[in-house]
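Values in this text are rule-based calculations from the coordinates and carry no lab data. Given the structure is predicted, the values throughout are model-derived calculations rather than measurements. Positions of Cβ are backbone-derived with ideal geometry, glycine not excepted, and every protein chain shown enters the neighbour counts.
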């Protein structure tokens, strides 16, 4: 696999930013099984959590080794504390992630444009971003996975809890109640279910000791009231990299990769 640290200019953000990219290559490295698709690569957009950046997945898991055997490209963008949202008092990270980033990445690297070859996943804040991308842009992503995702941001108690962290909820969402808006994943589940067009496959996992466990149960409950296809997995585990390093392997094996 090729590991690329890519710095580039974003017109949407109005600044230089970065992404870390893993690209398949046919190689014979000792101890590494590699595979590569002919032509454009299927792509996993892999989103970081609140306290990380685009290097987090590479630094703290073996994502490069896990992806090598599948021949899949992995694009990991920088999103700061944005919750992958056009911030009320900040930058337009939703527009950047959902529109500009895929175009830029495909202009730099041989990545497939086909919906059937595009997936999104993330942990914690990134789990929220991944589900939001799939539910708001189902025509672009065939599958989305959340690992310990912050999936119930409209929860009033959850909003209070975030005041004890470095995260500024008000900078992202302002003073509005996001319930019933396109920032509310529970509302988006129903909107996606009722809309015409393709539906994404969804994968959700959360450790039973995770502080986000109850919010994940609420997401699962609302999703069960729709016809959306959800694979749900829970097991002992906390909000930590030991859990995420193990579960990203399950996510990769779950992805509906087409035969090369």
Honestly the stretch 199-260 on the Cα gyration tensor test (a ≥ b ≥ c root eigenvalues; a/c under 1.5 rounded, otherwise a/b vs b/c for prolate or oblate) is just oblate
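Between residue 113 and residue 176, what FRET efficiency follows from the Cβ-Cβ distance if R0 is 30 Å, with the result rounded to 0.05? Present the calculation step by step, with values, prior to reporting the outcome.
Numbers: r = 35 Å, r/R0 = 1.16.
E(calc), rounded to 0.05, equals 0.30.
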Going fewest to most other Cβ atoms within 10 Å around each Cβ, 132, 221 line up as 221, 132
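Using square roots of five times the C-alpha gyration tensor eigenvalues, list the equivalent-ellipsoid semi-axes of the stretch 73-148 in whole Å, biggest first.
19, 15, 11
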Per principal axis, largest first, the Cα atoms of the stretch 89-221 extend in Å by 43, 32, 28
The exposure ranking of 75, 251, fewest beta-carbon neighbours within 10 Å first, is 251, 75
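Give me 55, 98 ranked fewest to most by other Cβ atoms within 10 Å of their Cβ, as a rough exposure proxy.
Values: 55 15, 98 21.
Fewest to most other Cβ atoms nearby, the residues stand as 55, 98.
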Across 155, 216, 118, the residue with the highest GNM fluctuation in the chain (Cα network, 10 Å cutoff) is 155
Contact order relative to length for the chain, counting C-alpha pairs under 8 Å separated by 6 or more residues, stands in percent at 17 percent
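Which value, in Å to one decimal place, does the Kirkwood hydrodynamic radius take for the stretch 2-248 when every pair of different Cα atoms is included? The partial results should precede the final answer.
Details: mean 1/r = 0.0547 Å⁻¹.
Computed over the stretch 2-248, the radius equals 18.3 Å.
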Largest fluctuation, 229, 191, 176 only, Gaussian network model of the chain with Cα springs under 10 angstrom, belongs to 176
Checking 90, 122, 49 against a Gaussian network model of the chain (alpha-carbon springs below 10 Å), the top fluctuating residue turns out to be 90
Quarter of the surface of the C-alpha convex hull for the stretch 51-97, i.e. direction-averaged projected area in nm², equals 3.8 nm²
Tilt, helix 185-194 to longest principal axis of the chain (alpha-carbon atoms), in degrees rounded to tens, equals 70 degrees
